[in-house]
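To start, the structure itself, in structure tokens.
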Amino acid sequence: MASGDVEDFIEQNRQLADQVETYRTISESEKHWKSRREFILRNINDFEDPHLDHLLALSMVWANNVFLGCRYSPDLLERVQGMAEGVVVEDAPVFKTRDEIVKQQKQRN
């Protein structure tokens, strides 16, 4: 879904969109929330009650990885990255591990 597609979907599915809005956490910026909301909307039909909490947890894993650089098991990351396919995050931060920074410093010397 492109940004416009998400907005169209929300307009056509107001009740679902209102439900999804309740999942926003107080600490999420607008940019962070828009991306996580799109993740949730893209996948919500695959998670019916009582499994909706699982989708919300996966959306947080994805958002924490993208926006905060949190690391998770390769299997989990592969799953959420597949679920996020097509979600475009503009100006996503780039994170480097300590090992990557040390390696880069050694190459300069």
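The values are calculated or read from the model by the stated rules, or taken from the named source; none is laboratory data. Model, not experiment: these values are computed from the prediction. Note: areas computed on protein heavy atoms with side chains; ligands, DNA, RNA excluded. Shrake-Rupley method; radii C 1.70, N 1.55, O 1.52, S 1.80 Å.
Observations on the structure shown:
- For the chain: accessible area per residue (Å², 1.4 Å): 69 Å²
- Dividing the helix sum by the residues of the chain, where each DSSP H run of 4 or more adds -39500 (n - 2.57), gives a mean residue ellipticity at 222 nm of -18000 deg cm²/dmol.
- Computed across the chain, the Kirkwood radius stands at 15.3 Å (inverse of mean 1/r, all Cα pairs).
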